[in-house]
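Structure record follows, encoded as structure tokens.
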Amino acid sequence: MALYTNPFLILATSAAVIACLIYQIKLPATPRQATDDFLQDLDIVGHRAGGYDAPENSLEAIRMAKKNGAAGIEIDLAFSKDDAGVLMHDPSLGRTTNGPNVDVDQLTLKQLKALNVTVNERLKNRFDEVKIPTIEEALKEAKRLKLKVIVDVKGEATKTADALIPLFEKYNLYKEAIVTSFNPLVVYKVRRRNPRIIGGIIYFSYFVTDFLQRRNRSATIIKLATLLDTFIYWSFYSWAVPMTGSSIVSIHKDIISSEELHYWNSRGISVMTWTVNSKIQKQYFNQYLKIPYMTDCIRKEDDCSR
């Protein structure tokens with residue numbers, strides 16, 4: 001039967017071609033010892049540096065995370081108009097600052113530094129004016145406080161590599177920080193230029209579909225999003241981790257189970273999870289599954305799930 005008339009042969013041939021390409025371009029895996037060194041004693045991680053206890057992604061949050069007993073922090077890397085690396089989770093500034101509701105990359109670093117991130121904060125009466133830190137300021141402060149750092153990247157791969165690699169070299173962060181992203185190309189770009197940096201892939205099932213449903217997009221868009229999520233699922237469980245040489249996966253708490261842990265651990269991959277905010281879930285991941293978890297409220301007795 002001709003190849004073009006048999007969809008199963010087409011799929012099998014395509015998969016074989018992709019497998020060959022991945023084998024040719026995949027990066028070397030991070031040495032197991034390097035990953036173990038990073039994960040040693042890492043149990044509680046401040047999500048956005050602990051955004052329930054202090055203004056998220058701020059130096060104040062980093063210091064509060066240390067005070068409240070975190071072993072590490074997760075921070076979000078974004079870029080200004082003049083390509084300076086700064087801490088910001090959202091694409092736009094409206095939710096967390098007193099600035100205009102425009103994308104972060106529409107303002108220069110000087111303009112971003114003029115903003116206050118406590119104006120819309122639940123804790124604004126407990127903090128004076130808080131500024132947006134640069135990625136270097138955040139990494140330097142975390143190193144001073146002996147906090148491990150997970151840098152979550154949503155931006156462009158080349159800018160990320162240009163910003164982070166010099167900082168890893170300058171502050172010798174190889175045992176103290178990792179780079180993670182939903183986008184495997186970001187991790188690939190960073191590790192291709194410096195394979196000593198530990199990489200991790202982030203995953204949440206039907207992330208795109210959920211995002212668009214909450215914005216009331218059309219049924220056609222939702223169907224396309226479902227197809228994209230299916231591709232992302234296949235990519236995560238097939239080529240994304242080995243191609244990037246990642247040794248860690250960061251998976252949403254609703255997907256984590258003992259079976260999921262076994263799947264990854266049997267392949268030499270460590271697992272962490274997010275965002276764990278209830279007391280009972282903190283106990284489950286810390287005492288039963290024994291994996292690092294990210295939380296908005298650092299102290300084990302605090303519950304910020306509502």
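Values quoted throughout were computed directly from the atomic coordinates according to the rules given, and no laboratory measurement underlies them. Worth saying up front: this structure is predicted, and the values here are computed from it rather than measured. Backbone-built Cβ (ideal geometry, glycine too); neighbour counts: all protein chains shown.
Apply the a/c threshold of 1.5 to the C-alpha gyration tensor of the range 127-285 and tell me whether it is rounded, prolate or oblate. Please list the in-between numbers first.
Values: a/c = 1.43, a/b = 1.38, b/c = 1.03.
Here the range 127-285 falls in the rounded category.
With R₀ fixed at 25 Å, the C-beta to C-beta distance from GLU129 to GLU301 puts the FRET efficiency at about 0.25. Calculated over the chain, the projected area of the Cα convex hull averaged across directions stands at 17.8 nm².
Among the listed pairs LYS67/LYS110; LYS110/LYS140; LYS170/LYS290; LYS148/LYS282, those whose Cα-Cα separation exceeds 28 Å are LYS67/LYS110; LYS170/LYS290. Applying a length cut-off of 18 Å (Cα extent along the axis) and a mean Kyte-Doolittle floor of -0.5 to the DSSP H helices of the chain leaves 7-25, 157-171, 219-235.
What full-extension length gain, to one decimal in nm, is calculated for THR158 and PHE231 as 0.36 nm per residue of separation minus the Cα-Cα distance? Working shown, then result.
On the way: separation 73, 0.36 × 73 = 26.28 nm, distance 2.36 nm.
Extra length available between THR158 and PHE231 comes to 23.9 nm.
Distances between placed amide hydrogens fall under 5 Å for ILE73 paired with GLY46, LYS148, VAL149, ILE150, all partners being 5 or more residues away or on another chain. Length, then width, then depth: along the principal axes, the Cα atoms of the range 206-301 run 44, 33, 20 Å. Shown here for the range 41-148: GluC sites (Glu not before Pro) in loop regions (DSSP other than H, G, I, E, B) with at most 16 other Cβ atoms within 10 Å, namely GLU129. Here's the picture: a label point sits 7 Å out from the Cα of LYS279 along the beta-carbon direction, and within the range 29-57 the residues with their amide nitrogen under 18 Å of it are 53. Along the range 290-306 the Karplus relation, 6.51 cos²θ - 1.76 cosθ + 1.60 evaluated at θ = phi - 60°, assigns HN-Hα couplings of 6, 10, x, 10, 9, 9, 7, 10, 6, 5, 4, 7, 7, 10, 10, 7, 9 Hz to successive residues, with x for each Gly and Pro. Rounded to the nearest 5, what % of DSSP beta bridges with both residues in the chain are antiparallel? Within the chain, antiparallel bridges account for around 15 percent of the total.
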